[in-house]
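Chemist: Below is the structure I would like to discuss, written out as structure tokens.
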Amino acid sequence: LDHRESEREGDSCFPANSVFVDATNVASNEANSSSSAAGGASGSSAESAALFSKLRSFSIGSGPNSPQRVVSNLRGFLSHRLSNITPSDTGWKDSILSIPKKWLSTAESVDEFGFPDTLPKIPVPPLEQTMADYVLALEPITTPAQLERTKAIIKQFVSPQGLGPRLHQYLVDKREAEDNWAYYYWLNDMYMNVRLPLPINSNPGTVFPPRHFRTVHDVAHFAARLLDGLVEHKEMLESGQLPQERAASREKNQPLCMAQYYRLLGSCRRPGVERDSQYLPSRQKPIDSDEDRHVVVICRNQMYCVVLQASDRGKLTESEIASQILYVLSDAPCLPGKPLPVGLLTAEPRSQWAVDREALQTDERNQRNLELIETALVVLCLDEPLNTNFNARGFSGATPSVHTAGDRDETNMAHEMLHGGGSEFNSANRWFDKTMQLIICTDGSWGLCYEHSTSEGIAVVQLLEKVYKKIEEHPQEDNGVPQHHLPPPERLEWHVNDKLQQRFVQAAKSVDRAIDNLDFYVYRYKGYGKNFVKSCQVSPDVYIQLALQLAYFKLYGHLVATYESASTRRFLLGRVDCIRAASTEALEWAKAMCQGEGANVPLESDREEDEEDARKVKFSIYSKDHLRELFRCAVARQTEVMVKNILGHGIDIPLLGLREASVEVTGELHELFTDESYKISQCFLLSTSQVAFTTDSFMGYGPVTPRGYGCSYNPHPDQIVFCVSAFYDCEDTSASRYAKSLQDSLDIMRDLLQN
């Protein structure tokens, strides 16, 4: 889900026609003519290794090695700029800082900021570097015995006689031949091969500031304005006017890959028995053709096709769209009989949904319905409010909800966007495969559920915020919805056999169990925000990541594998790699901060001895100066890992490549990837990401493992919004308990640093 940098991809990176794209082919289908140009910008593995070796020895330690020093040392290092450059024997730091100018001076074609016109390919980091960083990542989360065993495996793996050099060369050759050697490895592993249901486990939910609807006409008008804004955005994409986004720091103004911005509207995920695939729309509108554009509107589990632009009548006005939405709102509740809850099937485990989808397609009318849904710009879900059972189960003293819709709080609204509330509420009023599902509830709450495989959060957030801000800046008087002589929207009728009818019953039970198991909490920390953090000369993202580590340590007495997404959009078809925030430096700092506290500190609301605790005499084992020094070391390490990731030198993508190459080259997994340490490293008990909004909105998601937490965060100037998730059937986790630990951690960090 990340989200701190924006990105864009070249025009040559998209297929000419709409196609159903299997994940194994998506990279080559999206980028086809840039290999040779980007290949020229690739870096030498030996030179990369030499530079990172010098950086490693220089950047982390105590005393003068501040986070700013680390960033300064790393600035200017981009692996694709190392081609034909050998740092001089002396003054290596100056050599690194001058790499951009030297490299750009020989570039054949550059943009207005002096960067190459063609995005570089993502590098294959040196094998030794990846293995060394892997060991560092394992140190705080494995036992000494596990770590020693892994080191022995790595020693054999990287030796000249080992399999490692052969697999590394396989990836280097793959990089030369493809636009992005890692793309389909990553896409399949992260999304297409995962068999879990999409709601809660994969699809994030977004809540925007609630509206104040007085009548059903207000609902129709607001929906129409959102849809009209999306059509305008689609037209802008097809005209080639999407602004190029550029890095805001660390090689400022470097162009970023924009591919995912073109995948948002009109795309859809399709289930497969073993692997899912994607439907991706054409990038450009066919010449001399007025392409029909439509959306599918779901209300009371009834589905309607609303045409927004047609070849025979052009583009509908906002008023005309509103009249179509109003028709749906008035028609759906009045239809006789209970509608078939077909949308529930999209909430099933992927392999089961694939089988049921094949059964649906045996009827030609159902085939057409599926095609209309998959090719729709978006799905619009018109919901009924959830009951207050979904309101937050917080802790004593927690800040109250800022947004409300009737008696519903922010946590309640987040549940609605994530999963719909269950089979008796809105979960059948969904199509979870669709990339963008706009959700508008009659009580004014609204937001989005989005399928994650096509895009990171930043692209979705920026699109919807742009449309929303235009609506806010240009309010319109509500004079009702005038009559328009348009044909009513087509209602999609489904035809199912008795076996599929039974599947609806089973799907309802399955989704209801999953929703009942979700422990979700929207928590606003009001003690301070990013303004204070910046005054401490620390990156807000780095600061919050260390707070997440401290909060976990306070509860459990150890750290765990932590996932934070890091944008790799500086490279062609780049998506994300993983910033591993659980470092040895973070562990040493967390131990010192807790100063002998026992793990599993109970909730404030769970105990009666608060007043007695307050009277206890407390003392520090470590001085504040020592704690600050440990904090600086943890910040420096976190900063180094973050910068390496965004420059294409993380460890998770290279490890994934080596793992897949092992199977492709030898037919089996090497011992390195069946090792216990590897399994521990891939079990992310803390899955996190920063999802920044310019509006007072937030995005959340479920944990990625049954015993884990999900935690997104949105730092504001004077507060931080967290969306914390866990599962009730795990006795060791609690969303509100972790939120309370976060509050305590952020409080003591302020006390440590404020002076």
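Chemist: Nearest 0.05, what FRET efficiency do residue 747 and residue 196 give at R0 = 41 Å with Cβ-Cβ as r? Don't skip to the answer; put the middle values down first.
Modeler: Working: r = 36 Å, r/R0 = 0.88.
Efficiency computed from Cβ-Cβ geometry: 0.70.
Chemist: By how many nm would the segment from residue 173 to residue 465 grow when fully extended, if each residue of separation counts as 0.36 nm and the alpha-carbon distance is taken off?
Modeler: Residue separation times 0.36 nm, minus the Cα-Cα distance, leaves 101.0 nm.
Chemist: Per-residue counts of other Cβ atoms within 10 Å, averaged by peptide: what ranking do you get for 393-399, 687-693, highest first?
Modeler: 687-693, 393-399
Chemist: On a full-extension model of 0.36 nm per residue, what is the gain between residue 315 and residue 364, subtracting their alpha-carbon distance, rounded to one decimal in nm? Walk me through the numbers on the way to the answer.
Modeler: Working: separation 49, 0.36 × 49 = 17.64 nm, distance 2.90 nm.
Between residue 315 and residue 364, full extension yields an extra 14.7 nm.
Chemist: Have a look at the range 369-525 and give its Rg and Dmax from the Cα atoms, expressed in angstrom.
Modeler: According to the Cα coordinates of the range 369-525, Rg and Dmax are 18.1, 57 Å.
Chemist: Taking R0 as 60 Å, what's the FRET efficiency between residue 494 and residue 149 from their Cβ-Cβ distance, rounded to 0.05?
Modeler: 0.65
Chemist: Now for a different question. Obtain the nm distance between the two label points defined at residue 629 and residue 476 by a simple spin-label model: each point lies 7 Å from its Cα along the Cα-to-C-beta direction.
Modeler: Simple spin-label model gives 6.5 nm for this pair.
Chemist: Could you state the number of Å between the C-alpha centres of the range 343-420 and the range 694-755?
Modeler: Going from one Cα centre to the other spans 23 Å.
Chemist: Using the beta-carbon distance between residue 537 and residue 588 and R0 = 25 Å, what value does 1/(1 + (r/R0)^6) give for FRET efficiency, to the nearest 0.05?
Modeler: 0.75
Chemist: When ranked by the protection proxy of mean other Cβ atoms within 10 Å per residue, highest first, what sequence do the peptides 318-329, 248-259, 574-585, 464-475 form?
Modeler: Top to bottom by mean Cβ count within 10 Å: 574-585, 318-329, 248-259, 464-475.
Chemist: May I pose another question? Give me the one-decimal nm value for the distance between modelled label points at residue 707 and residue 236, 7 Å along each residue's Cα-to-Cβ direction.
Modeler: Computed distance between label sites residue 707 and residue 236 equals 4.7 nm.
Chemist: Right, here's the next one. What pairs in 530/591; 624/740; 252/644; 151/591; 526/644 have C-alpha atoms more than 20 Å from each other?
Modeler: Cα-Cα > 20 Å for 530/591; 624/740; 151/591; 526/644; rest within.
Chemist: In whole Å, how far is the Cα centre of the range 640-668 from that of the range 126-183?
Modeler: Between the Cα centres of the range 640-668 and the range 126-183 lies a distance of 8 Å.
Chemist: In nm, what is the difference between 0.36 nm times the number of residues separating residue 501 and residue 399 and their Cα-Cα distance?
Modeler: So the chain would gain 32.2 nm between residue 501 and residue 399.
Chemist: Taking all pairs of distinct Cα atoms, average 1/r, flip it, and tell me the Kirkwood hydrodynamic radius of the range 120-200 in Å to one decimal place.
Modeler: Details: mean 1/r = 0.0665 Å⁻¹.
Hydrodynamic radius (Kirkwood, Cα only) of the range 120-200 equals 15.0 Å.
Chemist: Determine, for each peptide in 678-684, 587-593, the mean count of other beta carbons within 10 angstrom over its residues, then list the peptides with the highest first.
Modeler: 587-593, 678-684
Chemist: Leaving ligands, DNA and RNA out of it, report the carbon-plus-sulfur percent of the accessible area of the range 180-307 at a 1.4 Å probe.
Modeler: Details: 2090 of 4330 Å².
Roughly 48 percent, rounded to a whole number.
Chemist: Specify the inter-centroid distance of the range 192-260 and the range 488-563, based on alpha-carbon positions, in whole Å.
Modeler: Cα centres, the range 192-260 to the range 488-563: 19 Å.
Chemist: Moving on to the next point. Modelling each spin label as a point 7 Å along the Cα-to-Cβ direction, I'd like the residue 509/residue 212 distance in nm, to one decimal.
Modeler: It is 4.7 nm.
Chemist: Now for a different question. Cα gyration tensor of the range 636-700, axes a ≥ b ≥ c as square roots of the eigenvalues: rounded (a/c below 1.5), prolate (a/b > b/c) or oblate?
Modeler: prolate
The values are calculated or read from the model by the stated rules, or taken from the named source; none is laboratory data. Keep in mind that what you see is a predicted model, and the values were worked out from it rather than measured. Because the Cβ atoms are built from the backbone with ideal geometry, glycine has one as well, and the counts that use them run over all protein chains shown. The accessibility values were calculated without ligands, DNA or RNA, using every heavy atom of the protein model including side chains. Shrake-Rupley method; radii C 1.70, N 1.55, O 1.52, S 1.80 Å.
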